[in-house]
Amino acid sequence: EAQVTQNPRYLITVTGKKLTVTCSQNMNHEYMSWYRQDPGLGLRQIYYSMNVEVTDKGDVPEGYKVSRKEKRNFPLILESPSPNQTSLYFCASSFVNRGSNEQFFGPGTRLTVL
Amino acid sequence: EDKVVQSPLSLVVHEGDTVTLNCSYEVTNFRSLLWYKQEKKAPTFLFMLTSSGIEKKSGRLSSILDKKELFSILNITATQTGDSAIYLCAVWSGTYKYIFGTGTRLKVLA
């Protein structure tokens, strides 16, 4: 089944404790992206990746890191989480130049930073 | 600064009504506009629009793009309670970024 998976789905942590949210897709998509969704602000892009070893900042990259060592994986790293990073996070993937930019979204990770 | 603006922010209708959701954009190097539906989980794809004036249709949903006036509309006819969701509009830009609007929250009452 074609899908984007994220883990964990729910996470409660404390300020300053490093964490990683994993994202994996099995559709051979070149493009992968991380978003955070907050009430009244919609989906905001954190980082995106055009392909392996190619990443770039979205609109809200501060406090986050990413890496793209393999085509299927795109982990999101919070080196020192803070309460303002409490949010719902989505990973998504898509083809880039194959007629459709439809993004497929993972199920979401709800993160609470105390 | 690139931006996508959706209106209305929220809408309450009764089953059978027709609704029109609006999306306007100011995005450098526009490539395509996409509509998604989000229920209590991840967004799911509805339409992708790249050309002005060509209507995309799927059942009771339809959408059209006006690249001159920089907007798109999503129409839902004969609404059902299952249409209750947040509808998201996004623009894919030539800078390889997706810019999302804040969404329209639609509630359909039985």
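So A:Leu111 fits all but one of (1) more than 18 Å from B:Ala42 (Cβ to Cβ); (2) modelled with pLDDT of 95 or more; what number is the exception?
Among (1) more than 18 Å from B:Ala42 (Cβ to Cβ); (2) modelled with pLDDT of 95 or more, the lone unmet condition for A:Leu111 is (1).
Which of (1) within 11 Å of chain A (Cβ to nearest Cβ); (2) touching a residue at least 12 places away in the same chain (Cβ under 8 Å); (3) of a type in the set (Val, Ile, Thr) is the odd one out, the single condition B:Ile73 does not satisfy?
(1)
Limited to the stretch B:29-55, what total is found for residues that are small (Gly, Ala, Ser) and either within 10 Å of the chain's Cα centre (by Cα) or at the interface with chain A (Cβ under 8 Å from one of its Cβ atoms) (or both)?
2
For the stretch B:14-42, which positions are touching a residue at least 24 places away in the same chain (Cβ under 8 Å) and more than 22 Å from B:Gly94 (Cα to Cα)? Step through it out loud before you land on a result.
Residues of the stretch B:14-42 that are touching a residue at least 24 places away in the same chain (Cβ under 8 Å), as a first pass: B:14-39.
Correct list: B:His14, B:Glu15, B:Gly16, B:Asp17, B:Thr18, B:Val19, B:Thr20, B:Leu21, B:Asn22, B:Lys37, B:Gln38, B:Glu39.
Quick one: which of A:Gly40, A:Gly63 is more than 10 Å from chain B (Cβ to nearest Cβ) and on the phi > 0 side of the Ramachandran plot? Show your work before the answer.
Details: A:Gly40 fails: more than 10 Å from chain B (Cβ to nearest Cβ).
Of A:Gly40, A:Gly63, the one residue that is more than 10 Å from chain B (Cβ to nearest Cβ) and on the phi > 0 side of the Ramachandran plot is A:Gly63.
Can you find a residue in the stretch A:50-58 that is in contact (Cβ under 8 Å) with a residue 40 or more places away in the chain, aliphatic (A, V, I, L, M) and not in a loop (DSSP other than H, G, I, E, B)?
Within the stretch A:50-58 (the criterion being in contact (Cβ under 8 Å) with a residue 40 or more places away in the chain, aliphatic (A, V, I, L, M) and not in a loop (DSSP other than H, G, I, E, B)), the answer is yes, since at least one residue qualifies.
Those residues that are crowded, with 18+ Cβ neighbours inside 10 Å and not charged (D, E, K, R), I need them from the stretch A:35-54; list them, please.
Correct list: A:Tyr35, A:Gln37, A:Gly42, A:Leu43, A:Gln45, A:Ile46, A:Tyr47, A:Tyr48, A:Ser49.
Working carefully through the options A:Leu76, A:Leu88, find the one that is among the aliphatic types (A, V, I, L, M) and either within 11 Å of chain B (Cβ to nearest Cβ) or closer than 22 Å to B:Asp2 by Cα (or both). Step through it out loud before you land on a result.
Values: A:Leu76 fails: either within 11 Å of chain B (Cβ to nearest Cβ) or closer than 22 Å to B:Asp2 by Cα (or both).
Testing whether each residue is among the aliphatic types (A, V, I, L, M) and either within 11 Å of chain B (Cβ to nearest Cβ) or closer than 22 Å to B:Asp2 by Cα (or both) leaves just A:Leu88.
Tell me which strands (runs of 3 or more DSSP E) are completely within the stretch B:62-106 and hold 1 or more residues being among the polar types (S, T, N, Q), or say none if there are none.
Of the strands (runs of 3 or more DSSP E) lying wholly inside the stretch B:62-106, those with at least 1 residues that are among the polar types (S, T, N, Q) span B:71-76, B:85-93.
Conditions tested, residue by residue: (1) at pLDDT below 95; (2) touching a Pro at 6+ places or on another chain (Cβ under 9 Å).
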residue	(1), (2)
A:Gln6	no, yes
A:Lys17	no, yes
A:Arg36	no, no
A:Tyr47	no, yes
A:Met50	yes, no
A:Asn73	no, no
A:Pro81	no, no
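Residues being crowded, with 16+ Cβ neighbours inside 10 Å and away from chain A (no Cβ under 12 Å): count how many of those fall in the stretch B:8-28. Let's see the steps before the verdict.
At the first step, the residues of the stretch B:8-28 found to be crowded, with 16+ Cβ neighbours inside 10 Å are B:11, B:13, B:19, B:21, B:23-25, B:27.
Within this subset, residues satisfying the condition of being away from chain A (no Cβ under 12 Å) are B:11, B:13, B:19, B:21, B:24-25, B:27.
The number of residues fulfilling the criteria is 7.
Which condition number in (1) at pLDDT below 95; (2) in contact with a Phe, Trp or Tyr (Cβ under 6 Å, 6 or more places away or on another chain) is the one that B:Glu55 fails?
Result: B:Glu55 passes all but (2).
Residue by residue, here is whether (1) away from chain A (no Cβ under 14 Å); (2) farther than 30 Å from A:Ser49 by Cβ; (3) within 13 Å of the chain's Cα centre (by Cα) holds:
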{"residue": "B:Ile64", "(1), (2), (3)": "yes, yes, yes"}
{"residue": "B:Thr77", "(1), (2), (3)": "yes, yes, no"}
{"residue": "B:Thr81", "(1), (2), (3)": "yes, yes, no"}
{"residue": "B:Val91", "(1), (2), (3)": "no, no, yes"}
{"residue": "B:Gly94", "(1), (2), (3)": "no, no, no"}
{"residue": "B:Tyr98", "(1), (2), (3)": "no, no, no"}
{"residue": "B:Thr102", "(1), (2), (3)": "no, no, yes"}
{"residue": "B:Ala110", "(1), (2), (3)": "yes, yes, no"}
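The values are calculated or read from the model by the stated rules, or taken from the named source; none is laboratory data. The structure displayed is predicted, hence computed values, not measured ones. Neighbour counts are summed over all protein chains in view; Cβ atoms, including those assigned to glycine, are modelled from backbone coordinates with ideal geometry.
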